[in-house]
1. With the other protein chains left in place, how much accessible area per residue, in square angstrom, belongs to the stretch 25-198 at a 1.4 angstrom probe?
2. Which net charge results for the neighbourhood of Asp414, defined as the other residues with beta-carbon distances under 14 angstrom from its beta-carbon, given Lys and Arg at +1 and Asp and Glu at -1?
3. In whole angstrom, note down how far apart the Cα centers of the stretch 383-442 and the stretch 158-201 are.
4. In whole percent, how big is the carbon plus sulfur part of the accessible area of the chain, probe 1.4 Å, protein atoms only?
5. Please report the net charge: other residues with Cβ closer than 10 Å to the Cβ of Val498, K and R +1, D and E -1.
6. Over the stretch 119-189, what is the relative contact order in whole percent, taking alpha-carbon pairs under 8 Å and six or more residues apart?
7. How far is the Cα center of the stretch 86-116 from the Cα center of the stretch 216-286, in Å?
8. I'd like the chymotrypsin sites (Phe, Trp or Tyr not before Pro) in the stretch 429-486 restricted to DSSP loop residues with at most 16 other Cβ atoms within 10 Å, sorted by number.
Amino acid sequence: MDGNNAMGSTANSASVPARSSCGVETLGGHLARRLVQIGVKDVFSVPGDFNLTLLDHLIAEPELNLIGCCNELNAGYAADGYARSKGVGACVVTFTVGGLSVLNAIAGAYSENLPVICIVGGPNSNDYGTNRILHHTIGLPDFSQELRCFQTVTCTQAVVNNLDDAHELIDTAISTALKESKPAYISIGCNLPGIPHPTFAREPVPFYLAPKVSNQLGLEAAVEAAAEFLNKSVKPVIVGGPKVRVAKAQKAFVELADACGYPMAVMPSGKGLVPEHHPSFIGTYWGAVSSSFCGEIVESADAYVFVGPIFNDYSSVGYSLLIKKEKLIVVEPNRVTIGNGPSFGWVFMTDFLSALAKKLKKNSTALENHHRIYVPPGVALKREKDELLRVNILFKHIQEMLSGSTAVIAETGDSWFNCQKLHLPENCGFEFQMQYGSIGWSVGATLGYAQAAKDKRIIACIGDGSFQVTAQDISTMIRCAQKSIIFLINNGGYTIEVEIHDGPYNVIKNWDYTGLVNAIHNGEGKCWTAKVKTEEDLTEAIATATTTHKDSLCFIEVFVHKDDTSKELLEWGSRVSAANSRPPNPQ
């Protein structure tokens, strides 16, 4: 187990259960081994009386590291961030009070298509059906409230209160989460984890998930129809979306781009999934707030292939995209739809992209058009002496920090727009939560992603309003000896909401953020903080964070004017506001 985890090491010496000596494993031991087998090395948890015995068994697994979080919401966000790097994450909470607290994070993971195994320590198996009232419930003898809440935000649910079917329930839940790339809910009776059962082999047979194979006739028909559609177009483009991750189709997407020569853009929620160092890459397609010259090329195309898109009110800038359905090919993880015409089911994205790459004629017309009209971004205006740091200057310096050994986490807010403009070097990670957009997500996600991607230094851009929601787990980052760099952007409120609809509720109480982090640090572990008000302060802080304190968690509080926002947020906010304020349709 990782020595960074103080909670785990204390419990290890006090109450770790012995392995069964009768040739079979316990329920808790089986679950722990299963998590290790699917790639989970770290489990994010909050202890509660219903899950304590289960936590003992997870700690007893030498390849599993138990990380105690400050609250269940952050444990769920951490499992979300971990899954973005590792492909799967896990968290463990207690019954109802813990389950309903983590629910928001699990809903976010569901919206982002992340397989997070949410494990809950449930009531004693003898209490089911007894009409007893338990603590941690709403005072009714019905234990199903938590389960019913999770049914809408997980792809499968397993309530384990009988050892005879526990093996089947656990394995089915985990495999379903992996196959569907959605969270799973598993409730384990609090009296069951330490009991051996013949169905639990000491070393469980490894999972084998049968590969999904396209309907061959459907695949051939889809490729034929798409190739005919695209080969007769004059200036086609391809655009990558967030579901490229679900389909594990990054390589197939690049294979298609290499073969066809079309310009390649990315939807905002797909940033990080498409290689920005590729010669055909032209930027982020986000309607009216696209990268310069990218939106014009995409919307003027006579054919566009959107691979794994999600068209919602945010990604469509208040439903204002100038995309025509008759020119559109949509490639979903398991379906292809061509214009107003045919749709082909059970055709998987990787199979389709690879096969289509072999059928397309090379056509670089739109890419050449982009090269002709493109003008490089301008240089920020010279600042006045002692002028408060401007946001565009901040992100100019963040751009210079990026490399293949970094990853960017962008919090909901203006960081969405500023981080979209960062050009990602090869192998530089990028994550944000666009579909669900839960403020505060990035603190837990930074914790989880950094724990999973130990070969990268995380650069997190977090607004002050979002940070106030989930600040506590800076503590867990320090305990885990993480070395992320957090830029806390202090502009005094919920800036993204100001640009949608302003009001006094968007102004927050200012904190001494570095003082708070110093108090959390409390002299234990490696943590360094700095306050930044000018560009000179910023360059000095970045130099210190990347040299003297390169092995520390670095927290840099950046003071900016409350109205200093990206131009993209101003445009986006007005369009989303218009979409939100549409009057009711006539009855």
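The values are calculated or read from the model by the stated rules, or taken from the named source; none is laboratory data. Fair warning: this is a prediction, and the values are worked out from it, not measured in the lab. Cβ: placed from backbone, ideal geometry, glycine included. Neighbour counts: every protein chain shown. Ligands, DNA and RNA are stripped out before the accessible areas are found, and what is left, the full protein with its side chains, is counted by its heavy atoms. Shrake-Rupley method; radii C 1.70, N 1.55, O 1.52, S 1.80 Å.
1. Per residue, the stretch 25-198 has an accessible area of 30 Å².
2. Counting the neighbours of Asp414, the net charge comes to -4.
3. 40
4. 53
5. Net local charge, Val498 excluded: -4.
6. Rounded, it is 41 percent for the stretch 119-189.
7. 31
8. When the chymotrypsin sites (Phe, Trp or Tyr not before Pro) of the stretch 429-486 are filtered for loop state and at most 16 Cβ neighbours within 10 Å, Tyr436 remain.
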